[in-house]
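One structure is given below, encoded as structure tokens.
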Protein chains: 2
Amino acid sequence: MRIVQKYGGTSVGTLERIRKTADIVQGELERGNQVAVVVSAMSGETNRLLALAFEVSDAPATRELDAMVATGEQVSAALLAMELQTRGIKAYSFNGAQAGFKTDSSFVRARITDVQSDHLIERMERFEVPVVTGFQGIDASGNITTLGRGGSDTSAVALAIAVKADVCDIYTDVDGIYTTDPRIVSRAQKMDQISFEEMLEFASLGAKVLQTRSVELAMRYNMPIHLRSSFDLVPGTMVTTEDEKMERAAISGVAYNRDEAKITLKEIPDHPGIASSVFGPVAEAGINVDVIVQNVSEKGHTDITFTVPRSDYAQTMKIMAGISKDIGASDLKGDNTVAKVSVIGVGMRSHAGVAQKMFQVLAAEGVNIQMITTSEIKITVVIDEKYVELAVRALHGAFGLDREQAAT
Amino acid sequence: MRIVQKYGGTSVGTLERIRKTADIVQGELERGNQVAVVVSAMSGETNRLLALAFEVSDAPATRELDAMVATGEQVSAALLAMELQTRGIKAYSFNGAQAGFKTDSSFVRARITDVQSDHLIERMERFEVPVVTGFQGIDASGNITTLGRGGSDTSAVALAIAVKADVCDIYTDVDGIYTTDPRIVSRAQKMDQISFEEMLEFASLGAKVLQTRSVELAMRYNMPIHLRSSFDLVPGTMVTTEDEKMERAAISGVAYNRDEAKITLKEIPDHPGIASSVFGPVAEAGINVDVIVQNVSEKGHTDITFTVPRSDYAQTMKIMAGISKDIGASDLKGDNTVAKVSVIGVGMRSHAGVAQKMFQVLAAEGVNIQMITTSEIKITVVIDEKYVELAVRALHGAFGLDREQAAT
């Protein structure tokens, strides 16, 4: 089997952890597998470098920022290669340029355009181990670029695609994706398998285990991602295409996010362009609007409600205070004690009544639903924050996700 | 004028120093000059990285060591470029690969084979400032290589040659080369100019201001080096080809080195191969032998005396104790309280009697000469360490090097 492994900053953060990581690589080679590795910078290193840059300037030149920050992975890649070599393994580090990662020229948030890694395939076939710097590449002019925070996941998937790997193993400090947060529901279960589409929904809902871009890329090229723990070498969660043979439950998991604040503009005169008058200034301020609900117009007026991250609540309210008068809203209301709960599952497509069941379960628990938004494989409700645990537990049970309790 | 400037680790070691360095670059641009900069790593950074590597392994893979250590300059180059950009100067960092530094594949001590920097010339002509990482390059296979300690001087000279600069300004914490150590002779003078050949002799005598390789390279391509202080922007010492118009004193300076130990093998049977029997094992132990004197053979026997750095004295004596019996020496003697004093000057070529005068001066001071060795532009004597100051002062005065005392 040909495997691309990705390790995050904590897996190369100390020499002890580097040795543990090398153990895993060595194990795969001993099982006869071909291995390439993608690494992040040692934990803390990227922040150390950024701090240096921001001491020089409040707005350091992004080209230089990238050249600087990219060194973090070069150091950790070299250290891991050294450690592997002490074990007699032919391991060699490659930075973005050396590994053939071509990107566009958007410094600080570059996108990969091509990975020219045929020379790494040859090495893997000889059971040499390329240790590649994550998070970076070079543009067409040879400038060093970085992919933005968490970009190493994307690097790993892109490399796996380029070297025609069978799987991209992403090692992290959790052992997989759970049906919901085990801190809230003790009977949450680790999923053996999840579809790319579901993983995207989980990722966008704040399950910070995989960068969204990496999942999109894997989906496009159908590259299975094995999300697993570097502490405990048991199988984790395989992120892959939907398997038709699988008997699927209606939903595969329940996600939530407390980082929500809700803002409502009442009775706005409803005419074309009104939405852009509201959301234009929010976008210009760099604030990400999440859920948006607009009621059916009544007597030429409509209400608009939307959510933003809680940290942006104060600023958004300030912007709205200015706008609401200009556009003739009758009232402006805000609430920063709301939360979002979602049920997710590709099974939803073929199971009618998931939404209906969700609303019944919440009603039975006395949870008032403030907003609803749906996609093909997800239903999200906005509720009062204080009901989050109650709602998650009730939904997890009602949709049959609770693990069987072991007989004791 | 087109200038390549080189700054060492202390000049980019703190943000305050980076600003000072940017001041100097800015000053040259304002005078209408074209500037490229070569930088070392921030002081302490190379050692930090090496320490990390040696924690992984006692003998880390040298390819990986180079990939790791080379990041130090990439960080300082980016920081300086950022600082220059905050002043509206178009400055861009370039690592070894980007700047076109090609080397052989001798990791840790690579030699530059070619510098393909035409793209930097174009930038300089537009008054952009390339900030190039010193100390590194890539080999023909694209592996990252480093030039060995102090290699940044060599990088700077090589870049100056490649971009056809008028001069290579090497900024350091001293303001030039002195006729002798001002701590010993208060009337020592800063030399305005010194020939490459003399500089080579000074460098090999422990004047640690310029790496020998960089002087050799500058000499081969006739690239003037301006050695100057980054603290005080007065002219320093220009290292250049010998100028026939210059009225030259017989000697240009007096150098000394206390780091010497002397070892004598007495009455060795003199036959072909005897020198290699003595020095082979010393070389194998990685010890640099400096002065070697072998007396004329007498009755088939000869004495060999040589010097080594004082830190290698004990180990060398141990090696000699083993050898001296094998080769039939009658006695083995050692002395680690000797020192070396040299007079240097291209003027020596046309001034007869320099050696004679040197010996007279030392005799008049009661200094016994233990060994003598000469080159075309240098005479070195080995003397008892306790006479070093006396000898240096006497020679400095006798050869007319004392600065005129200011009338007060």
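Is it the case, given these coordinates, that A:Val388 is under 30 Å from A:Pro272 (Cβ atoms), in contact with a strand residue (DSSP E or B) (Cβ under 7 Å, 6 or more places away or on another chain), surrounded by fewer than 21 Cβ atoms within 10 Å (Cβ to Cβ) and not aromatic (Phe, Trp, Tyr)?
Working: under 30 Å from A:Pro272 (Cβ atoms): no; in contact with a strand residue (DSSP E or B) (Cβ under 7 Å, 6 or more places away or on another chain): yes; surrounded by fewer than 21 Cβ atoms within 10 Å (Cβ to Cβ): yes; not aromatic (Phe, Trp, Tyr): yes.
Taking the combined requirement at face value, the residue does not satisfy it.
Quick one: count up the residues across segment B:32-71 that are small (Gly, Ala, Ser) and in contact (Cβ under 8 Å) with a residue 40 or more places away in the chain.
So the count comes out to 5.
When the residues of segment A:53-73 are filtered to those that are out of contact with any Ser or Thr (no Cβ under 8 Å at 6 or more places or on another chain) and of a type in the set (Asp, Glu), which remaining residue is farthest from the other protein chains (Cβ to nearest Cβ)?
A:Asp58
What do you reckon, is B:Thr133 within 13 Å of chain A (Cβ to nearest Cβ), under 21 Å from the mean Cα position of the chain (by Cα) and closer than 22 Å to B:Arg2 by Cβ? Lay out the reasoning, then the answer.
Working: within 13 Å of chain A (Cβ to nearest Cβ): yes; under 21 Å from the mean Cα position of the chain (by Cα): yes; closer than 22 Å to B:Arg2 by Cβ: yes.
Yes; evaluated as a whole, the condition is true for this residue.
Look at A:Lys299 and say whether it is of a type in the set (Lys, Arg), free of Cβ contacts under 8 Å to residues at least 24 places away in the same chain, at negative phi and in the same structural domain as A:Asp384 (by TED's automatic domain parsing).
Working: of a type in the set (Lys, Arg): yes; free of Cβ contacts under 8 Å to residues at least 24 places away in the same chain: yes; at negative phi: no; in the same structural domain as A:Asp384 (by TED's automatic domain parsing): yes.
Against the criterion (of a type in the set (Lys, Arg), free of Cβ contacts under 8 Å to residues at least 24 places away in the same chain, at negative phi and in the same structural domain as A:Asp384 (by TED's automatic domain parsing)), A:Lys299 does not qualify.
For segment A:347-359, indicate whether the set of residues that are loosely packed, with under 13 Cβ neighbours inside 10 Å and farther than 30 Å from A:Glu242 by Cα is non-empty.
Restricting attention to segment A:347-359, the residues satisfying the condition of being loosely packed, with under 13 Cβ neighbours inside 10 Å are A:350, A:352-353, A:356.
Then keep just the ones that are farther than 30 Å from A:Glu242 by Cα; that gives none.
Checked segment A:347-359: no residue is loosely packed, with under 13 Cβ neighbours inside 10 Å and farther than 30 Å from A:Glu242 by Cα.
Based on this model, can you work out whether A:Val157 counts as in a strand (DSSP E or B), buried (at least 24 other Cβ atoms within 10 Å of the Cβ) and modelled with pLDDT of 95 or more?
Values: in a strand (DSSP E or B): no; buried (at least 24 other Cβ atoms within 10 Å of the Cβ): yes; modelled with pLDDT of 95 or more: yes.
The answer is no for A:Val157.
Can we say A:Thr46 is at pLDDT below 95, more than 8 Å from every other protein chain (Cβ to nearest Cβ), under 30 Å from B:Tyr92 (Cβ atoms) and surrounded by fewer than 22 Cβ atoms within 10 Å (Cβ to Cβ)?
Working: at pLDDT below 95: yes; more than 8 Å from every other protein chain (Cβ to nearest Cβ): yes; under 30 Å from B:Tyr92 (Cβ atoms): yes; surrounded by fewer than 22 Cβ atoms within 10 Å (Cβ to Cβ): yes.
Against the criterion (at pLDDT below 95, more than 8 Å from every other protein chain (Cβ to nearest Cβ), under 30 Å from B:Tyr92 (Cβ atoms) and surrounded by fewer than 22 Cβ atoms within 10 Å (Cβ to Cβ)), A:Thr46 qualifies.
If you go through segment B:163-174 one residue at a time, do you hit one that is modelled with pLDDT of 95 or more and on the phi > 0 side of the Ramachandran plot? Give the derivation first.
Step one: list which residues in segment B:163-174 are modelled with pLDDT of 95 or more, which gives B:163-171.
Retained after the next criterion (residues that are on the phi > 0 side of the Ramachandran plot): B:164.
For segment B:163-174, residues modelled with pLDDT of 95 or more and on the phi > 0 side of the Ramachandran plot: present.
How many residues, within segment A:72-104, are in contact (Cβ under 8 Å) with a residue 40 or more places away in the chain and not small (Gly, Ala, Ser)?
Matching residues across segment A:72-104 total 12.
Of all residues in segment B:260-281 being of a type in the set (Asp, Glu) and touching a His at 6+ places or on another chain (Cβ under 9 Å), which is surrounded by the most Cβ atoms within 10 Å (Cβ to Cβ)?
Quick first cut of segment B:260-281, residues of a type in the set (Asp, Glu) only: B:260, B:267, B:270.
Restricting the remaining residues to those that are touching a His at 6+ places or on another chain (Cβ under 9 Å) gives B:267, B:270.
On the way: B:Glu267: 15, B:Asp270: 18.
Per the stated criteria, the residue is B:Asp270.
Can you spot a residue in segment B:385-394 that is of a type in the set (Lys, Arg), more than 22 Å from the chain's Cα centre (by Cα) and at pLDDT 90 or above? Let's see the steps before the verdict.
Taking segment B:385-394 as the starting set, the residues that turn out to be of a type in the set (Lys, Arg) are B:386, B:393.
Next, from what is left, pick out any that are more than 22 Å from the chain's Cα centre (by Cα): B:386, B:393.
If we keep only those that are at pLDDT 90 or above as well, we get B:386, B:393.
Yes, that holds for at least one residue.
Of the conditions (1) in contact with a strand residue (DSSP E or B) (Cβ under 9 Å, 6 or more places away or on another chain); (2) at pLDDT below 95, A:Glu244 clears all except one; give me its number.
(1)
Within segment A:360-384, restricting attention to residues that are modelled with pLDDT of 90 or more and surrounded by fewer than 15 Cβ atoms within 10 Å (Cβ to Cβ), which residue is nearest to A:Ser186 (Cα to Cα)?
A:Glu365
Residues that are of a type in the set (Val, Ile, Thr) and within 25 Å of A:Thr180 (Cβ to Cβ): which strands (runs of 3 or more DSSP E) entirely in segment A:212-331 hold 3 or more of them?
Details: elements: A:225-229, A:237-240, A:253-269, A:292-294, A:301-308.
Of the strands (runs of 3 or more DSSP E) lying wholly inside segment A:212-331, those with at least 3 residues that are of a type in the set (Val, Ile, Thr) and within 25 Å of A:Thr180 (Cβ to Cβ) span A:237-240.
Can you work out which of the residues in segment B:74-112 that are facing another protein chain (nearest Cβ under 10 Å) and β-branched (Val, Ile, Thr) is farthest from A:Gln74 (Cα to Cα)?
Looking at residues that are facing another protein chain (nearest Cβ under 10 Å) and β-branched (Val, Ile, Thr), I get B:Thr86.
Select from segment B:259-280 the residues that are at pLDDT 90 or above and touching a helix residue (DSSP H, G or I) at 6+ places or on another chain (Cβ under 8 Å) and write down the one among them that is farthest from B:Val308 (Cα to Cα).
If we take residues in segment B:259-280 being at pLDDT 90 or above and touching a helix residue (DSSP H, G or I) at 6+ places or on another chain (Cβ under 8 Å), then B:Leu265 is farthest from B:Val308 (Cα to Cα).
Within 14 Å of chain A (Cβ to nearest Cβ) and either crowded, with 20+ Cβ neighbours inside 10 Å or at pLDDT below 95 (or both): which single residue out of B:Ile225, B:Ile144 fits that description? Give the derivation first.
Working: B:Ile225 fails: within 14 Å of chain A (Cβ to nearest Cβ).
Only one candidate passes the filter, namely B:Ile144.
For segment B:129-152, check the following and say yes or no: at least one residue is closer than 25 Å to B:Thr10 by Cβ, in a helix (DSSP H, G or I), in contact (Cβ under 8 Å) with a residue 24 or more places away in the chain and assigned by TED's automatic domain parsing to the domain that holds B:Ala77.
Filtering segment B:129-152 for residues closer than 25 Å to B:Thr10 by Cβ gives B:129-137, B:144-152.
Those still in the list that are in a helix (DSSP H, G or I) too: B:151-152.
After this cut, where a residue has to be in contact (Cβ under 8 Å) with a residue 24 or more places away in the chain as well, the list is B:151-152.
Restricting the remaining residues to those that are assigned by TED's automatic domain parsing to the domain that holds B:Ala77 gives B:151-152.
Yes, some residue in segment B:129-152 is closer than 25 Å to B:Thr10 by Cβ, in a helix (DSSP H, G or I), in contact (Cβ under 8 Å) with a residue 24 or more places away in the chain and assigned by TED's automatic domain parsing to the domain that holds B:Ala77.
The values are calculated or read from the model by the stated rules, or taken from the named source; none is laboratory data. In this text, all values refer to a predicted model and were calculated from it rather than measured experimentally. Don't worry about glycine lacking a Cβ; one is built from the backbone with ideal geometry, like all the others, and counts go over all protein chains shown.
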